[in-house]
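One structure is given below, encoded as structure tokens.
Every read-out reported here was derived from the displayed coordinates using simple, explicitly stated rules and does not represent laboratory data. Since the structure is predicted, the reported quantities are computational estimates derived from the model, not experimental observations. Positions of Cβ are backbone-derived with ideal geometry, glycine not excepted, and every protein chain shown enters the neighbour counts.
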Amino acid sequence: MTADVHIKAVEHRFKAFTALHRVDLQIGAGEFIVLLGPSGCGKTTLLSIIGGFLTPSEGQVLIGGRDMTHVAPKDRPTTTMFQDYALFPHMSLRDNVGFGLRMRGVGRAARNAKALEMLEMVGLADKAGRRPHELSGGQRQRVALARALAVEPDVLLLDEPLGALDLKLRRQMQEELKAIQRRVGTTFVHVTHDQEEAMAIADRIVVMNHGRVEHCGSPEEVYLRPRTMFSADFMGETNRVPVTPSGGGVSSPLGPLAIAPAEGMLCLRPENIGLAEGFSLGRATLVEAAFYGSYHRCHFRPLAAPDMLLTAHLPQGAHPGLGDEVELFGRNPAVLASEAA
Amino acid sequence: MRYLSWAYLLALFAFILLPVVTLVIFSFQDGRLPVPPFKGATLDWYREILTDRALMEALANSLIVALLSALVALTLGFLAASGLARVALPGSVVMRGLLIAPMTVSYLIIALGLLQMFNKVGIRPSLLATGIGHVVINLPLCFAILYAAIGEHQKSALKAARDLGAKEWQVLWFVAAPMLTPALAAAFFLAFTFSWDEFIIAFLLTRFDVTLPVEIWSMLRSGLSPATNAVGSLVFLVSVIVVVALELTLFRKGSK
């Protein structure tokens, strides 16, 4: 029903291009892992290697402690939910969902019962006799999920399954995926390039770039305490202020700041800049503001560094007038060693 | 302009269909020669050919050869297409080219080549030899039609089937073949008609048991007769039935 996955020094090359550079990753049994990164970062390659559609050039894949590196997809305890659903158009939903059981030699009555149970779980039990082309995109997605889970895999692999859905439906499916994962307890490995989606569903996010793992941690860790500039930028907007240690704090273009001494780039999320609480960022002028519904997005020009712009998200109804001079405060500072990025 | 285009259309259809219409009309000729004037209708010639043992045997032979050779060509073409669509082998472009190449060679050349080769390996001119010849000419056609029909959508469904534990024959039987039904039907019917009409290969590779086109040819050697028209009409009828079946199976699916 569930198993851990251990990726050991996996490297994969396509002709001259190296898609994965010695990736090591431990995925716990029952975990919901999201592989996150821009296109071409190697996340889909890694998923294909776990699913057995690609054999890595080097390294090992262990699932539930057994070496699966050279085992074909059909003999692995994994199933995949494909981006384009890949449903069988000539079969009813019942037969689609029961297909994996049929291939395992399960009798018709037993597999129909299981198929119905799975369709029940995704809320489509009343449509068991329909064909896939009669369904909407979101419903097909659910059938694909039911079909992949019907064989009770140890690990479910999801290849950008929500990419084709509109925003509202995508948010709804994220919640459903998360709820279903809790219920069945199967290890989920989900690939996406949408960082909001990743944060909404993941137990742990693996941020990838150029075939390497940049950061691996809980959504909070990855978002609030990024380890690299890349993951800081990829997870959301940041304000960057170069800092150097000085006395008990740091010095910066904004003046001395009261944070732990460190050398590098201070990263502050826009929602972590406010008009009170935290450490002072000095005085600044509001140069532009826009209302985004749940917050005001404001650009401030610090008096000490007029060539810089700080972006802050302030609570509703709480922004100063244009041209007003206020004192800014920062929270949750993260200082990263600066790199050529 | 409007009348002109209608006139053109009528002229075009007349040009295409007049020979066949003439053939069919004079198959009912009440006289010794299938040439104008039309002397009145009779079904005597049809009675004559339908009671002609040799002709009926040839007809049965043609049906068997067409059916079996089309099935073999279809099976081989299907396996080749799904294999080449699944994996990118080194040289798969060359392999595709080689599979399709026989389409560009004239039937006469293929027949001569087969004749010499069969002589060497000891296969006598026969219906079997003709059937093999028809597989040779129809396999490229079946392959091309089926290979073109396998798109990304099919490929990913096949991948999903493998992922769900299907063995390779199960992938082909339960997923690939049903998804490709329209293309399989098209390839089968085309292969069937091509084999049914084929003369040159059948002429060179048969001896005692012959196919219908070869039998018609030997009838023609003894001169024109409304009987040959009647045979021609029957052959034409079979082709029409096949084409209509093709339309019904394929274009129905396409419009859905």
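A few points about this structure:
- Number of residues in region A:64-90 that are at the interface with chain B (Cβ under 8 Å from one of its Cβ atoms), of a type in the set (A, V, I, L, M) and closer than 22 Å to A:His6 by Cα: the value is 1.
- Number of residues in region B:180-194 that are crowded, with 20+ Cβ neighbours inside 10 Å, within 14 Å of another protein chain (Cβ to nearest Cβ) and part of a helix (DSSP H, G or I): the value is 2.
- Counting only helices (runs of 4 or more DSSP H) that sit wholly inside region B:43-132, those with at least 2 residues that are acidic (Asp, Glu) are B:44-50.
- Any chance A:Ala232 is hydrophobic (A, V, I, L, M, F, W, C), under 18 Å from the mean Cα position of the chain (by Cα) and not in a strand (DSSP E or B): yes
- Of residues in region B:162-176 being facing another protein chain (nearest Cβ under 7 Å) and buried (at least 19 other Cβ atoms within 10 Å of the Cβ), the one farthest from A:Pro77 (Cα to Cα): B:Val175
- Every condition in (1) away from chain A (no Cβ under 14 Å); (2) acidic (Asp, Glu); (3) surrounded by fewer than 19 Cβ atoms within 10 Å (Cβ to Cβ) holds for B:Glu152 except the one numbered (1).
- Matching residues, region A:91-102, being free of Cβ contacts under 8 Å to residues at least 40 places away in the same chain and within 14 Å of chain B (Cβ to nearest Cβ): A:Ser92, A:Asp95, A:Arg102
- Single match in A:Leu47, A:Leu93 (criterion: in contact with a helix residue (DSSP H, G or I) (Cβ under 7 Å, 6 or more places away or on another chain) and buried (at least 17 other Cβ atoms within 10 Å of the Cβ)): A:Leu93
- For region B:106-119, the candidate set comprises residues that are surrounded by fewer than 17 Cβ atoms within 10 Å (Cβ to Cβ) and under 17 Å from the mean Cα position of the chain (by Cα); within that set, the residue that is farthest from B:Ile137 (Cα to Cα) is B:Leu108.
- A:Arg142 meets all of the listed conditions (1) within 14 Å of chain B (Cβ to nearest Cβ); (2) surrounded by 18 or more Cβ atoms within 10 Å (Cβ to Cβ); (3) part of a helix (DSSP H, G or I) but one, namely (1).
- A residue that is more than 14 Å from chain A (Cβ to nearest Cβ), without any contact (Cβ under 8 Å) to a residue 60 or more places away in the chain and acidic (Asp, Glu) occurs somewhere in region B:196-207.
- The single residue among A:Val222, A:Val155, A:Val191 that is among the β-branched types (Val, Ile, Thr), surrounded by 18 or more Cβ atoms within 10 Å (Cβ to Cβ) and in contact with a His (Cβ under 9 Å, 6 or more places away or on another chain) turns out to be A:Val222.
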